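Just below is one structure, and these are the notes that go with it.
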Amino acid sequence: MAGQVFESFSDVDGNFIEQLQSTGFDARIFELFLFTYFSNSGFEIDRQHKSPDFLLEKRGIRFALEATTVNPTQDQMPEDRPLHLFTSSDIKQKQKDELFIRKKKVQL
């Protein structure tokens with residue numbers, strides 16, 4: 001099945017495999033996951049353009065999706081503390097300082 005998905009996946013940037021095998025592994029796996037999900041969920045997928053990653057349509061609704069991942073800062077190690085030892089104020093602080101929520105309105 002993995003081969004079938006990849007055969008129908010278009011590499012519009014021309015660097016998918018190179019990035020998958022180097023520094024862009026997480027982002028490219030996420031992009032491949034999204035393609036698989038949309039393909040198996042009845043979406044019409046337009047990947048003829050380098051950006052955004054996906055132009056999708058289902059039930060007459062057309063929208064654009066750019067796949068992004070947030071990676072840890074290179075010079076910081078993740079905290080080794082088990083999750084159950086975080087207090088609610090620790091979690092709120094982490095949400096404020098570390099979780100990315102990115103909203104961008106795009107006109108097509």
When every residue in region 9-47 that is closer than 22 Å to E57 by Cβ, among the polar types (S, T, N, Q) and part of a loop (DSSP other than H, G, I, E, B) is compared, the one modelled with the highest pLDDT is S41
Determine if region 41-58 includes at least one residue that is within 19 Å of S8 (Cα to Cα), surrounded by 12 or more Cβ atoms within 10 Å (Cβ to Cβ) and among the hydroxyl-bearing types (S, T, Y). no
Cβ-Cβ under 8 Å, sequence separation 6+ or interchain: first residue in region 75-103 and exposed (fewer than 10 other Cβ atoms within 10 Å of the Cβ), partner at pLDDT 75 or above. Which pairs? L99/V70; F100/V70; R102/T68
Hey, does region 62-71 have a residue that's exposed (fewer than 11 other Cβ atoms within 10 Å of the Cβ), hydroxyl-bearing (S, T, Y) and either under 11 Å from the mean Cα position of the chain (by Cα) or at pLDDT 85 or above (or both)? no
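The values are calculated or read from the model by the stated rules, or taken from the named source; none is laboratory data. Please read these numbers as outputs of a predicted model, since none were measured by experiment. Methodologically, a virtual Cβ is constructed for each residue, glycine included, from the backbone with ideal geometry; neighbour enumeration extends over all protein chains shown.
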